[in-house]
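Below: the structure, in structure tokens.
Every number in this text was worked out from the coordinates using simple rules, so none of it is lab data. None of these values were measured; they are calculated from a predicted model. Cβ coordinates were reconstructed from backbone atoms using ideal geometry, including for glycine residues, and neighbour counts include every protein chain displayed.
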Amino acid sequence: MVTKANIINLDQGSEKIEVMFNPEDYELTTSALLSENDGNLQYNRSKLEDFTVSLFFDSYVQGTDIRDQTDKIAKLTLPTIAGTNTKRPPVCLFSWGGFTYRGLINKVQQKFTLFLPTGIPVRAELQVTFTSWLTDKDETDYSGKEACVKYWEVKAGDRLDLIANKTLNNSAYWRLIADQNRITNPFAFPQDSDIGQRLLIPDIANKEPINS
């Protein structure tokens, strides 16, 4: 049994538009945004890029206007939902084969390629582009608020308490850094073999400094 892809209008009671033919391809990119601080690489957040899918529509056999089908998707770009200050397009969910993408449809490019003698189009190719619309949980996951990953490149003269103060704003977290990186003799750190190594700075959410 063939599972058809769907575009679901989440703001209108899960109103569903089933595609005529499943897409041959779609494109999605997720990128990690990094920054450099004093020569040390820090993870800021992940960014979910736009999602683009190619769709094919054909009503030649039926002899009907294919725009009756494609306009259902094109109209999802219209601002019909009341927002904080202005209206916005509805939040839609693309779903197919276990893959889902939630976002606003910001662009629908329609190319009509076959016509009846009367000029009515009966075949169309659509490029549909979504911009992500994140839930609160998505925002937390992609921003790294619960698990911000930082690294520190060890230099001569470094001390764990100074590194903790620089990266975690509290020198008392030095023991967590030592434990995270299995530094067995923190009071002799850094040794020559440590210079140039990268320390993983731990996530301090729900953790207290270790006083010792």
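A few remarks follow.
- FRET efficiency estimate (nearest 0.05) - Cβ-Cβ, residue 4 to residue 30, R0 25 angstrom: 0.45
- A straight chain from residue 21 to residue 162 at 0.36 nm per residue would run longer than the Cα-Cα distance by 44.7 nm.
- Radius of gyration (Cα atoms) of region 150-201, expressed as a multiple of 2.2 N^0.38 Å: 0.97.
- Local electrostatic count at residue 8 - Lys and Arg +1, Asp and Glu -1, tallied over other residues with Cβ under 14 Å: +1
- Once the Cβ-Cβ distance of residue 115 and residue 12 is raised to the sixth power relative to R0 = 25 Å, the FRET efficiency obtained is 0.20.
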